[in-house]
Amino acid sequence: MDGNGRWAKARGLPRALGHKAGVDALRATVEAARDLGLSHLTVFSFSTENWNRPQSEIDALFDLLRMFVRRDLARLHKDGVRIRIIGSREGLSEDILALVDDAVETTKGNTRLTLNIAFNYGGRGELVAAIRDIARLVEAGNLKADQIDEAMISRSLWTADSPDPDLVIRTSGELRLSNFLLWSGAYAELIFMDLWWPDFTKESLEKAIDAFRRRDRRFGGLGA
C-alpha cells in the first residue's frame, strides 16, 4: 500500500493525513475483497525498514493502527472477517501487542475473509526467523538436515496459515516487491499500478483481478 506520503505532498498536506487517507482506502479495499468473494487479503502496513523513518511518522502510523483496530474491529467481526497479524513482535509496545492479540482472538472463528496485516514485517526477516526455528530443531536432535524441504520452510513462515498468494498488487508506480512475501509469493502474478494507495478503489481491485484472469499461469511448465 504505497504512496500515502506522495499523495499528501501533491495536495500540500502533512504526510500523516496521507496515511489517514490510506486507512480509508484499506477499509474500502477490505469491503471490496469481501464483496468479491476473495478468501484471503494480505496488506503490507508497516515494514521492518519503516523503523528508519522519522519518529513522528512512525508514531502516526502506530496511531493509525490503533484507530483502525478500535474503530473497525466490531464491524469486521460482524462481517465475518478473520484478522491475522504477520510479522515480528520485536520492538512493539505492550499496548500494540495487546491490541492486535485481541483482534486476532476476537475474530479467530470467522471464515468469510482472512485479512492478514503484515505489520513489522519483512520477507527476509520472515525467512531468517523460519531458518532459526528449523536450526533449533536440528540442534536439539529432533530433525535431520536432509529432512528439510520446501514444505517445512513454508510451515515455519509467519504466513504458514494462509495459501500462497495468487496476485501481488503494488501501487505508486514503483516496480519492485520491497521485501514483501519473498517466499510465498514466488509464483504470484505481479500487477504494478500507477496510482497512489489513497486513490485505490474497488474498481482498481476489480481491474487488477481482471488482468490476473487473463494471465497464462504455467508455474515453470508449458501451460495449456
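Values quoted throughout were computed directly from the atomic coordinates according to the rules given, and no laboratory measurement underlies them. Computed from a prediction, not measured in an experiment: that's the story for all the values here. In this analysis, Cβ positions are derived from the backbone assuming ideal geometry, glycine residues included, and neighbour counts consider all displayed protein chains.
Overview of results
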read-out	value
Furthest towards positive pole of dipole, 156, 98, 141, structure part the chain, Cβ charges	98
Residue of 127, 175, 64 that the Gaussian network model of the chain assigns the largest fluctuation, springs spanning Cα pairs under 10 Å	175
Bins of 5 Å, starting at 0 and running to the largest distance - Cα pair percent for the stretch 150-206	4, 17, 25, 19, 17, 10, 6, 2
Neighbour net charge for residue 142 - beta-carbon separation under 13 angstrom, K R +1, D E -1	0
Cα gyration tensor shape of the stretch 100-190, rounded if a/c is under 1.5, else prolate or oblate by comparing a/b with b/c	oblate
Filtered GluC sites (Glu not before Pro), the stretch 35-104: DSSP coil and at most 11 other beta carbons within 10 Å	90
Test item: Cα-centred dipole of the chain, Lys/Arg +1 and Asp/Glu -1 on Cβ, debye	420
Sparse-neighbourhood loop sites, trypsin sites (Lys or Arg not before Pro) in the stretch 87-154 - DSSP loop, at most 12 other Cβ within 10 angstrom	89, 108, 144
Unit charges at the beta carbon, dipole of the stretch 8-152: most positive-side option, 116, 13, 64	13
Restricting the stretch 172-224 to chymotrypsin sites (Phe, Trp or Tyr not before Pro) in coil, as DSSP defines it, with at most 12 other Cβ within 10 Å	187, 219
Rounded Å value of the spacing that divides the Cα centres of the stretch 59-83 and the stretch 125-165	30
